[in-house]
Each structure stands twice: as structure tokens, then as C-alpha cells.
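Participant: Quick one: the structure is below, questions incoming.
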Amino acid sequence: MAISEMEKVDKIQYNHYKDLKIDTYNSFIDSNFDWACDICLEDKKAIKANPSLQNYSWNPNYAYYDSHLKCRNCNSDFIFSKEEKKYWFESLKFWIDSVPVHCIICRKKIRQLKLENTMLSDILKKDETDISSDELNKIIEIYTNWEKEERVKYYQAILKKRIAH
């Protein structure tokens, strides 16, 4: 039975790999995934991870520990906690390479801004005559939060006309 060229290449590569002298302990230590020793787990410096619940391309995390990061928006230092990591990667199913770029305060502000923007868009796509007084009050509240005084005055005037009628 003749061996094809591809089979010869595979066999050579496999033999070559087996001939490598690999220090598995140092390979583990130098690897690109997060893990923790028993002492760190016992001292609560790290918590165990469940790789089967994670989305990863190459290496899962076997433990989570706190990371110190800097907010891209306000430039403050913040901690991406081990508990938050577990929630991100195992419950929300974020990719294991993901890290927050904003502190929790800025993330809350961004979420609030997005929520207000969605509410405002939903209201303003209606014809002006179809917008209720409650919705006008919501528009005024959002524009007040955004410090858009001209918009606040415009919608207050519309609301006053409605109340007068």
C-alpha cells in the first residue's frame, strides 16, 4: 500500500511534534488563559470559573480575579471584579476576551442615554398632534437632562398651548 505525500507530511509533522521537549508546567504557567492557584482560591483572591459556560476562541478562563482598568470616558481607575467577570462571561455569554472600557458610573450613564434616546425617538416619530401631554412632559424631562434649553422651551410652549385649549 503506497503512502500519499500528504500522509508523509502529516506523519513527519507528528513525529516532529513528539520530538519536542515541552515543559508542560511552564507551558501552563505561560499560557494565555486565566487560572488561579489553590491559595488564591482559598484566600478569595480568585473564584473558580466554569469554562463550559464561556464563549472563547482559544483558551477559556479557569478562574476569575479582579483587574484594574482605566475608564475610556472619565479616565478614572476602576476594578473589573472577579464576580462581575463571572457574570459577564458565564451568564451574559460575552466573549472571554471582552473587557469593559468604561467604569460602572459611565456605563450607567451610557445606558441611560441610550434608553432616553430610544424613548425620545419613539415619541418624536409620531405626528406632533398625536403626542400626548405625558409624552410631552417626558420629552421636556429628557431635553432638560441633556441641557438642550431651546428644545425644552419649544416643547414647553406646545404643552402650554395644549393646556390652554
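Taken together, the values in this text are just the output of simple stated rules run on the coordinates, not laboratory data. What you see is a predicted model, and the numbers here were worked out from it, not measured in a lab. All Cβ positions, glycine included, derive from the backbone under ideal geometry; neighbour counts span all protein chains shown.
Participant: Based on the mean of other Cβ atoms within 10 Å per residue, sort peptides 81-87, 110-116 so the most packed one is first. Could you put the intermediate results ahead of the total?
Facilitator: Working: 81-87: 16.9, 110-116: 11.9.
In decreasing order of mean packing, 81-87, 110-116 become 81-87, 110-116.
Participant: I've got another one for you. Could you order the peptides 40-48, 56-64 from most to least packed, using the average number of other C-beta atoms within 10 Å per residue?
Facilitator: Details: 40-48: 13.4, 56-64: 15.8.
Result, highest mean Cβ count within 10 Å first: 56-64, 40-48.
Participant: How do 95-105, 68-78 rank on mean C-beta neighbours within 10 Å, highest first?
Facilitator: Working: 95-105: 14.8, 68-78: 12.5.
Listed from highest to lowest mean packing, they are 95-105, 68-78.
Participant: Further question on the same structure: How many nm is it between the label spots at Val99 and Ser81, if each spot is 7 Å from the Cα in line with the beta carbon?
Facilitator: It works out to 1.9 nm between the two label points.
Participant: Given points 7 Å out from each Cα along the Cα-Cβ axis, report the Met119 to Cys40 separation in nanometres with one decimal.
Facilitator: Going from the Met119 label point to the Cys40 one covers 4.3 nm.
Participant: What FRET efficiency would be calculated for the residue pair Lys148, Arg72, taking the C-beta separation as r and a Förster radius of 25 Å, to the nearest 0.05?
Facilitator: Values: r = 25 Å, r/R0 = 0.99.
E(calc), rounded to 0.05, equals 0.50.
Participant: To the nearest Å, what is the center-to-center distance of region 62-94 and region 129-165, using C-alpha atoms only?
Facilitator: Taking the Cα centre of region 129-165 as reference, the centre of region 62-94 is 39 Å away.
Participant: Using a cut-off of 13 Å between beta-carbons, work out the net charge of the residues near Ile140 (Lys and Arg +1, Asp and Glu -1, Ile140 not included). Don't jump to the answer; show the numbers that get you there.
Facilitator: Numbers: positive: Lys138, Lys148, Arg151, Lys153, Lys160, Arg162; negative: Glu116, Asp134, Glu135, Glu141, Glu147, Glu149, Glu150.
It works out to a net charge of -1.
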